[in-house]
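Notes follow once the structure below has been shown.
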Amino acid sequence: MRTLEIHGSTGVSTILVGERLQNLKRYIPAGKAVIITDKNVLHLYQKDFPSYEVIKIESNEKIKNLDTVRYIYGKLVELEADRSTFIIGIGGGIVCDIAGFVASTYLRGVRFGFVSSTLLSQVDASVGGKNGVNFEGYKNMIGVFNQPEFVICDLNLLNTLPEKEILCGMAEIVKHAAIGDPDLFAYLEEHYQEALAPDIGVIEKLVYDSVVIKSAIVNRDEKEKGERRKLNFGHTFGHAIEKTTGVPHGEAVSAGMVMASALSVKRGHLQAKDAERIKKLLQKLKLPTRLQADRKTVLDALQKDKKRKGDSIYFVLLNKIGNPFVDQISIKELEDVIYDLCY
Ligand code: GLY
């Protein structure tokens, strides 16, 4: 097991890569605790849960909203959860985001931690302290910054993940490599077959290296005033595509990274051969590099982006693999890229 720390304004978060769900109880203070999880995880792993009360939710993006939050508050009241109750989210990004938001707001905030059960949540969603829900078509519009006390990344839980879910995590790993670590990028180019197998030794390195990159950025800019925006590489187009087409997050981000790389080349920052490397690596990892989407609807979704500032959007471009920067790009310029790259 390897550990890393995030030092947030609300406390320290310890990320435990390679720890097991079976050891979860060691990290929970004595007293009452409540587990929030989804039906799938409960079905597969309840046998390994410590014996606390469980609140069960669905796990699709549609339930990531205030109705589900309200439902959980109701259950917590029923269970007589008080200020000393510890909340544990066990699941993927949706469960952890909701559990973190509920824990941060119930009784003005109770202690909480996560067991992250998907590759996507281990490398991205459960790490970083953003907890929130969608609101009326706006992604993650309502939420808080609050660090979980711990995040257990149990690699064994990945064994039951469908390939499509592994691929989604791979897209975020490529993103971390593209913005933060050219050596990790080269490693992926060489070891993509083992990564897809999936070989747990290779996956452990990919999870750990991703968390190193993300936690270093979050440690420097927890509240996303500047540098943390770099973690949005591929996400501005990605979120718009995801919302419009309903494709999984990782697939949308993959196509989004290709678009952001193309824009970086077009503006004279990134060499075309490096944009090609990014595209090739995504293809090797069986991720889409182009998606069929209605251009006008994508554009409308882009206009609703949280990062929008007047007629422009904070946008992440690359100078090189491992060297990103943030610029304000006009909606008009993004529109041109959408017309070139969506079909
Ligand atoms: N919880 C996800 C993040 O903070 O980025």
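Where a number appears in this text, it was derived from the coordinates with a stated rule and is not lab data. Owing to the predicted nature of the structure, the values given are computational and were not obtained by experimental measurement. When we count neighbours, we look across all protein chains shown, and the Cβ atoms used for this are built from the backbone with ideal geometry, even at glycine.
Structural remarks
- Pair list, Cβ < 7 Å and 6+ apart or interchain, from the stretch 251-271 residues that are without any contact (Cβ under 8 Å) to a residue 12 or more places away in the chain to residues that are hydrophobic (A, V, I, L, M, F, W, C): VAL265/ALA272; VAL265/ALA275
- Qualifying residue in the stretch 56-70 (condition: under 25 Å from the mean Cα position of the chain (by Cα), in a strand (DSSP E or B) and surrounded by fewer than 20 Cβ atoms within 10 Å (Cβ to Cβ)): yes
- Test result for GLY89, touching a Gly at 6+ places or on another chain (Cβ under 9 Å), of a type outside the set (A, V, I, L, M) and part of a helix (DSSP H, G or I): no
- Meets criteria (within 15 Å of the ligand (Cβ to nearest atom), of a type outside the set (Phe, Trp, Tyr) and not in a helix (DSSP H, G or I)) for VAL110: no
- Top-ranked residue of the stretch 122-139 - restricted to ones that are polar (S, T, N, Q) and in contact (Cβ under 8 Å) with a residue 40 or more places away in the chain, ranked as surrounded by the most Cβ atoms within 10 Å (Cβ to Cβ): GLN122
- Meets criteria (farther than 14 Å from LEU157 by Cβ, out of contact with any Ser or Thr (no Cβ under 8 Å at 6 or more places or on another chain), more than 15 Å from the ligand (Cβ to nearest atom) and assigned to a helix (DSSP H, G or I)) for VAL77: yes
- Counting only strands (runs of 3 or more DSSP E) that fall entirely inside the stretch 1-41 and contain at least 1 residues that are among the charged types (D, E, K, R), the qualifying elements are 2-8, 33-38.
- Residue match in the stretch 292-307 (condition: hydrophobic (A, V, I, L, M, F, W, C) and touching a strand residue (DSSP E or B) at 6+ places or on another chain (Cβ under 8 Å)): yes
- In the stretch 27-39 there is no residue that is in contact with a Cys (Cβ under 9 Å, 6 or more places away or on another chain) and of a type in the set (Asp, Glu).
- Restricting the first member to the stretch 216-230 and to residues that are over 18 Å from ASN131 (Cβ atoms), and the second to residues that are more than 11 Å from the ligand (Cβ to nearest atom) and among the basic types (Lys, Arg), the beta-carbon pairs closer than 7 Å and six or more apart or on different chains are GLU227/ARG220.
- The stretch 296-320 residues that are without any contact (Cβ under 8 Å) to a residue 60 or more places away in the chain and crowded, with 17+ Cβ neighbours inside 10 Å, paired with ones that are charged (D, E, K, R) and in a helix (DSSP H, G or I) (beta carbon under 8 Å, 6 or more apart): LEU299/GLU335
- Wholly enclosed helices (runs of 4 or more DSSP H) of the stretch 226-343 bearing at least 3 residues away from the ligand (no atom under 16 Å from the Cβ) and under 22 Å from GLY93 (Cβ atoms): 235-245, 249-266
- Residues (crowded, with 16+ Cβ neighbours inside 10 Å and charged (D, E, K, R)) located in the stretch 71-89: LYS75
- Hits in the stretch 80-99 - residues which are out of contact with any Phe, Trp or Tyr (no Cβ under 6 Å at 6 or more places or on another chain), within 16 Å of the ligand (Cβ to nearest atom) and not β-branched (Val, Ile, Thr): GLY91, GLY92, GLY93, ASP97, ALA99
- Among (1) more than 20 Å from SER261 (Cα to Cα); (2) in contact (Cβ under 8 Å) with a residue 60 or more places away in the chain; (3) surrounded by fewer than 18 Cβ atoms within 10 Å (Cβ to Cβ) - the single one GLU189 does not satisfy: (1)
- Strands (runs of 3 or more DSSP E) wholly inside the stretch 125-212 that include at least 1 residues being out of contact with any Phe, Trp or Tyr (no Cβ under 9 Å at 6 or more places or on another chain), more than 18 Å from LEU16 (Cα to Cα) and away from the ligand (no atom under 16 Å from the Cβ): 130-135, 138-145
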